[in-house]
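Asker: Encoded as structure tokens, here's the structure I'll be asking about.
The values are calculated or read from the model by the stated rules, or taken from the named source; none is laboratory data. Remember, predicted model here, so these are calculated numbers, not experimental data. Positions of Cβ are generated from backbone atoms using ideal geometry, with glycine treated the same way; all protein chains shown enter the neighbour counts.
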Amino acid sequence: MNQINLDNYLINYQVFFKNIKHMYLRYENNMVKITCHKNITEEAIELFILNHKKWILDRHQLKKIELYSEKSMYIFGKEYPVFIDSKLKDYIQFDSDRILMREYPLDRKKIENFYKKITILEMNHLVKSNKSLLSKYINSNHLVFKAQLMKTRLGSCIANKRVIKLNSLLARFDREYIKLVLFHELSHLKEANHSRRFYDLFGKLYPNYKIMNQNLKKLTKRFIF
């Protein structure tokens with residue numbers, strides 16, 4: 001394990017040697033990870049890190065949010081306090097300005113089931129409320145909506161079965177991001193690959209998707225899971 005000072009932040013970094021020509025950098029688990037050839041000197045590695053200082057500090061300074069907290073929960077972009085109510089019939093209940101839970105310790109599976117449920121409800125609502133727009137380009141009838149917490153993707157579409165699944169993590173963000181990912185997957189009903197035709201269609205359904213995609217990438221990096 002090595003350390004380097006970037007604007008008074010002591011950053012840990014680890015080097016992985018491979019038989020490659022170029023040097024690569026990533027930031028994971030509060031650590032910079034460098035992949036490079038074994039002949040690269042320590043001075044060259046640290047210079048490479050310094051040249052990417054802004055990119056590294058942007059990620060290092062980003063406030064991390066626990067996916068499950070006893071103090072608060074995020075629902076559609078807003079943070080709500082959590083209170084215990086042992087009389088609750090259901091394990092978790094959203095009461096307009098607060099979250100009620102039946103007991104501690106947290107049951108992560110039940111909490112995620114709550115997020116899955118509201119994700120699917122929002123998907124149905126978005127398709128119904130945008131029916132006139134969607135009908136111009138795709139057939140949005142007889143769809144099956146699913147939700148699941150996923151680490152590597154935000155959504156998926158099985159076009160031949162008309163099944164669309166979204167990451168339940170999205171229910172923590174503003175509703176607009178569920179719409180963004182949902183419309184992306186809906187576009188796959190007509191265009192299987194990420195071709196120019198796909199992005200032309202997606203752009204008609206969601207014109208500012210490029211900016212929103214960038215914002216969504218930043219949001220997903222805030223949650224620890």
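Asker: Please identify the pairs in which a residue from segment 182-205 that is in the same structural domain as residue 171 (by TED's automatic domain parsing) has its Cβ atom under 7 Å from the Cβ atom of a residue that is among the basic types (Lys, Arg) and part of a helix (DSSP H, G or I), counting only partners at least 6 apart or on another chain.
Answerer: These pairs meet every condition: 191/197.
Asker: What number goes with the only condition from (1) among the hydroxyl-bearing types (Ser, Thr, Tyr); (2) within 30 Å of residue 211 (Cβ to Cβ); (3) over 22 Å from the mean Cα position of the chain (by Cα) that residue 91 does not pass?
Answerer: (2)
Residue-wise test of (1) of a type in the set (Val, Ile, Thr); (2) surrounded by 11 or more Cβ atoms within 10 Å (Cβ to Cβ).
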| position | (1), (2) |
| --- | --- |
| 56 | yes, yes |
| 69 | no, yes |
| 77 | no, yes |
| 96 | no, no |
| 112 | no, yes |
| 116 | no, yes |
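Asker: Let me ask something else. I'd like to verify a number: residues in segment 1-24 that are part of a strand (DSSP E or B), in contact with a Cys (Cβ under 9 Å, 6 or more places away or on another chain) and within 20 Å of residue 54 (Cβ to Cβ), how many? Spell out how you get there, then give the answer.
Answerer: So in segment 1-24, the residues part of a strand (DSSP E or B) come out as 2-6, 9-17, 24.
Filter once more, so that each one left must be in contact with a Cys (Cβ under 9 Å, 6 or more places away or on another chain): 15-17, 24.
Keeping just the survivors that are within 20 Å of residue 54 (Cβ to Cβ) gives 24.
Residues flagged as part of a strand (DSSP E or B), in contact with a Cys (Cβ under 9 Å, 6 or more places away or on another chain) and within 20 Å of residue 54 (Cβ to Cβ) within segment 1-24 amount to 1.
Here is a yes/no grid of residues against (1) loosely packed, with under 15 Cβ neighbours inside 10 Å; (2) aromatic (Phe, Trp, Tyr):
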residue: 123; (1), (2): no, no
residue: 129; (1), (2): yes, no
residue: 132; (1), (2): yes, no
residue: 139; (1), (2): yes, no
residue: 145; (1), (2): no, yes
residue: 151; (1), (2): yes, no
residue: 158; (1), (2): yes, no
